[in-house]
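First the structure, in the form of structure tokens, and then the observations on it.
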Amino acid sequence: MTTALLDTCVFVPSRARDVLLEIASAGVYRPLWSTEILAELDRTLRALLAKRGAPAEEIDAYLTRLFRQMRITFPDALAAEWEELVPTIHLPDPDDRHVVAAARAGRADVIVTDNLADFPPAALPTSITRQSLDDFLLDIFDLHPGQVVTAVRTIAGRTGKSGSRMTAQEIAAYLSTHGTPFFGGRLLAAIDTAP
């Protein structure tokens, strides 16, 4: 099974995060992150939700639920002992070294990021590649199309509780216009033809 270190940027928007985590919960790949990635995600989501006018108590409750569910569903996803590796890593942006350190510590096969320029292949350990979210999801879809379609249908079934209801087709269409154009398009075609 592939182990994928998920960079903070691929957790936003929430529909992409939902798809990544739902597919992982089906056992298609093992997700990996670090305390620093979760801290970055916390800061990013707090800023986004505050900008939308959400009250602080609502933001706190949402993030508490999200991180608790991630911990419960993926108890082995938190990379450990990555901090000591940070000084050994050289990247164009030193602030990104923690990502590679966590990938090394967690024995990741791939770093999933939309900031590919920040992770030049020559700067990565030979055992680790990097992929955009779109390419990673396309690869997963090619290997496990039925499980991916089922995951998106499961997500669609959960929508409508605190926002508008979305069908699997609407989720696929959304993804095709929000960072994963090729995956979203392939997924939409598969959902339209699947029984």
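The values are calculated or read from the model by the stated rules, or taken from the named source; none is laboratory data. The shown structure was predicted, so the numbers you read here are calculated from the model rather than taken from an experiment. Note: ideal-geometry Cβ built from the backbone for every residue, glycine included; neighbour counts use all protein chains shown.
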Odd one out for LEU175, checked against (1) closer than 27 Å to TYR62 by Cα; (2) in the same structural domain as SER14 (by TED's automatic domain parsing):
(2)
Got at least one residue in the range 94-108 being of a type in the set (Val, Ile, Thr) and modelled with pLDDT of 95 or more?
yes
Out of all the residues in the range 61-77, which are surrounded by fewer than 18 Cβ atoms within 10 Å (Cβ to Cβ), touching a residue at least 40 places away in the same chain (Cβ under 8 Å) and of a type outside the set (Asp, Glu)?
THR73, PHE74
Might you check whether a residue that is in contact with a strand residue (DSSP E or B) (Cβ under 8 Å, 6 or more places away or on another chain) and closer than 24 Å to LEU48 by Cα occurs anywhere in the range 82-96?
no
Which of the residues belonging to the range 118-145 are under 30 Å from TYR62 (Cα atoms) and of a type outside the set (D, E, K, R)?
GLN131, SER132, LEU133, PHE136, LEU137, LEU138, ILE140, PHE141
Output for the range 89-121, where each listed residue is in contact (Cβ under 8 Å) with a residue 12 or more places away in the chain and out of contact with any Leu (no Cβ under 8 Å at 6 or more places or on another chain)
ILE89, HIS90, LEU91, PRO92, ASP93, ASP96, HIS98, ARG107, ASP109, ASN115, LEU116, ALA117
Inside the range 78-100, can you point out the residues that are surrounded by 13 or more Cβ atoms within 10 Å (Cβ to Cβ) and closer than 12 Å to TRP33 by Cβ?
LEU78, ALA79, TRP82, HIS98, VAL99
Of all residues being in contact with a Phe, Trp or Tyr (Cβ under 7 Å, 6 or more places away or on another chain) and closer than 22 Å to HIS90 by Cβ in the range 111-146, which is surrounded by the fewest Cβ atoms within 10 Å (Cβ to Cβ)? Just the residue, please.
THR113
The one condition in (1) crowded, with 17+ Cβ neighbours inside 10 Å; (2) under 30 Å from ALA102 (Cβ atoms) that THR150 fails to fulfil
(1)
Going through the range 102-143 in order, the residues found to be more than 13 Å from ASP7 (Cα to Cα), small (Gly, Ala, Ser) and either outside any helix (DSSP H, G or I) or not assigned by TED's automatic domain parsing to the domain that holds ARG30 (or both) are GLY106, SER127
Can LEU78 be described as modelled with pLDDT of 95 or more and in contact with a strand residue (DSSP E or B) (Cβ under 7 Å, 6 or more places away or on another chain)?
yes
